[in-house]
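Engineer: What follows is a structure written as structure tokens; I'll ask about it next.
Every number in this text was worked out from the coordinates using simple rules, so none of it is lab data. Computed from a predicted structure; not experimentally measured. All Cβ positions, glycine included, derive from the backbone under ideal geometry; neighbour counts span all protein chains shown.
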Amino acid sequence: MNPNYVRIFDTSLRDGEQAPGASMTSAEKLEVARALARLGVDVIEAGFPAASPDDLAAVQAIAREVGQEPVPGRPQAEPPVICGLARCTPSDVVTAWEGVKDAKHPRIHTFLATSDLHLQHKLRLSRPEVVARAREMVALAKSFCADVEFSPEDAGRSDPLFLYEVLAAVIQAGATTLNIPDTVGYTLPDEFGALIAGIIAHTPGARDVVVSVHCHDDLGLAVANTLAGLRAGARQAEVTVNGIGERAGNASLEELVMALRTRGEKLGLTTDIDATQLCRVSKLVARSTSYPVPPNKAVVGANAFAHESGIHQDGMIKNAQTYEIMRPEDVGATQTTLVLGKHSGRNAFAKRLGELGFPLEGDALAKVFAEFKKLADRKKSVHDADLVALASDERAPAPALWVLEDLQVACGTTGLATATVRLRGPDGVRQVQAAVGSGPVDATYKAIDAVVQVPVVLLEFAVNAVTEGIDALGGVAVRVRHAESRPCHGHGADTDIIVASAKAYLAALNTVLARPGAAHSAPLPAVASA
């Protein structure tokens, strides 16, 4: 392999999902995994199989359906490595193997802390005990799987001499990748680069395996530290889409890839990532996790290629390179403002959706086209972001068991807010219900609850404008919890924010109902006001 090639290890489905409220359903994980394979990532860390039966099932599905298939659009490409995380315990290692064993290229990734802080206060183990356990568990993983990765957790705050000892032991036991994590985002780039260089120089066998880096963004240095590690000799980078993850998140896949590409002459490192898909995958992960991308986010944010200042606009008109170091099309961004209108036909509409990453057809296309026509009648301008919002609703993984047909609300400074909904149920029967609430959204949700009869608690309610202007399409994201199960989320979009709120809530309830054993008629708890 090219000595300057950098393997991209994406952990959006494992570390990224650990971001509070970012949990995904198995269907969403599978969709993201397919997108990551098309993007060209080398390794997909599909999850933490021992965390729950649902996590194990999701990893198994990805191993079978993404880890075996040829990559769409890349017929010569091998399917990505499918990786499962395991603590240094026999049960975790065995479960991780159960998760990834059906992949063409399976990997077990096991980890154990090495900093004295973690040894004394978390593990309560001595250094010799840590070395022995790491060696033993890597050997166990190796008995199942040829490809084994080991991470010394909190390596950034570990004694380098002890790190060399642990890493030498796991190499002898069969580790093929040494991942060096800055677990709490503590190190500075020069420190982290020196740590990687020291490991390669002083660990017996380190030059015969892949050295990887996994950096967190607690001080906003994750990408800088990752680049420092790569320049010091590491050849795998562990990243997440949009930089999601624990606390302040991880090194951002799109930022690292474009840094390597934009500064290629300086860095001399390459990847196999199809950068033109970065914006598309970013939007998919944002929708699947209900973690919106900030407008000023590097590379994929809505303002990444926007210019408002008159000086900047003048420079852009004369030469785009005056204020843009990347072209929007390089990352799959669009410069189009007004794309389609109410006089546009279905073929043009379908073509533009395909260009935006939503190749709909048949009934799905007809449904979104009808919604587009309604939107075009209400808005002066229909933007790409409007189209993405409409198509995202149609491609949401939750089955449409209950569908909103009509909604009417009354609210104001006097009297009580009331809402009347008409829903079509799974059996095709329509039901009408009215309710009173503290506000129009609260009343709407209570009316829906009275029909659907799924006992949930509303955990989160977020509203954002999808596009600009007074006629902007509004997006609503909600998270709900049913009984003791993991939270479910839903998304809705409409120019009427109350309608968008109802769509989002129904999408979340439909996800709850799609889970095995979901209760349909238990007494409802008090639902949080929106």
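Engineer: In whole Hz, what ³J(HN,Hα) sequence does the stretch 157-172 give by Karplus (6.51, -1.76, 1.60; θ = phi - 60°), x for Gly and Pro?
Structural biologist: So the J values, rounded to whole Hz, are 10, 8, 5, x, 5, 5, 4, 4, 5, 5, 5, 4, 5, 6, 4, 4.
Engineer: Let me ask something additional. Say each of Lys351 and Arg263 gets a label point 7 Å from the Cα, pointing the same way as Cα to Cβ; how far apart are those two points in nm?
Structural biologist: 4.1 nm
Engineer: Contact order normalised by length for the stretch 403-514, with contacts defined as Cα pairs under 8 Å and 6 or more residues apart; what percent is it?
Structural biologist: It rounds to 18 percent for the stretch 403-514.
Engineer: Straight distance only, please: which lysines reach the Cα of Lys374 with their own Cα at less than 17 Å, same-chain residues fewer than 8 apart left out?
Structural biologist: Reachable lysines: Lys342, Lys503.
Engineer: Further, regarding this structure: Give me, ordered by chain and number, the residues 5 or more places off Glu460 or on other chains with an amide H under 5 Å from its own placed amide H.
Structural biologist: Result for Glu460 returns Arg479.
Engineer: Would you list Ile325, Ile171, Ile8 from fewest to most Cβ contacts within 10 Å?
Structural biologist: The most exposed by this proxy come first: Ile325, Ile171, Ile8.
Engineer: Which of the peptides 141-153, 362-374 is most tightly packed, and how do the rest follow, judged by the mean count of other Cβ atoms within 10 Å per residue?
Structural biologist: 141-153, 362-374
Engineer: Follow-up question, since we're still on this one. What aspartates and glutamates could a cross-link reach from Lys367, if we take a straight Cα to Cα line under 13 Å and drop same-chain neighbours fewer than 8 places away?
Structural biologist: Cross-link targets: Asp393, Glu394.
Engineer: Would you mind checking the pairs Lys297/Lys446; Lys373/Lys446; Lys122/Lys266 and listing those with alpha carbons more than 32 angstrom apart?
Structural biologist: Lys297/Lys446; Lys122/Lys266
Engineer: Still on this structure, please answer the following. List the residues whose amide H sits under 5 Å from the amide H of Ile244, counting only those 5 or more places along or on another chain, with H placed 1.01 Å from N in the peptide plane.
Structural biologist: Amide H neighbours of Ile244, under 5 Å, 5+ apart: Asn250.
Engineer: Given Lys29/Lys351; Lys101/Lys283; Lys29/Lys101, which pairs have Cα atoms separated by over 22 Å?
Structural biologist: Working: Lys29/Lys351 27 Å; Lys101/Lys283 30 Å; Lys29/Lys101 18 Å.
Cα-Cα > 22 Å for Lys29/Lys351; Lys101/Lys283; rest within.
Engineer: Considering the Cα trace of the chain, what is its radius of gyration and what is Dmax, both in angstroms?
Structural biologist: 24.8, 77
Engineer: I've got another one for you. In Å and on Cα atoms, what radius of gyration and Dmax does the stretch 7-289 show?
Structural biologist: Over the stretch 7-289's Cα set, Rg and Dmax evaluate to 17.3, 51 Å.
Engineer: With no solvent and one equal point scatterer per Cα, compute the Debye intensity ratio I(q)/I(0) for the stretch 124-202 at 0.11, 0.21 Å⁻¹ and report its log10, rounded to two decimals.
Structural biologist: At q = 0.11, 0.21 Å⁻¹ the computed log10 ratios are -0.28, -0.95.
Engineer: Out of Thr511, Thr114, Ala350, whose Cα points farthest toward the positive end of the dipole of the chain (charges: +1 Lys, Arg; -1 Asp, Glu; placed on Cβ)?
Structural biologist: Ala350
Engineer: Given Val257, Ile44, Val281, which one lies farthest toward the positive end of the charge dipole of the chain, if we put +1 on the Cβ of every Lys and Arg and -1 on the Cβ of every Asp and Glu?
Structural biologist: It is Val281, whose Cα lies furthest towards the positive end.
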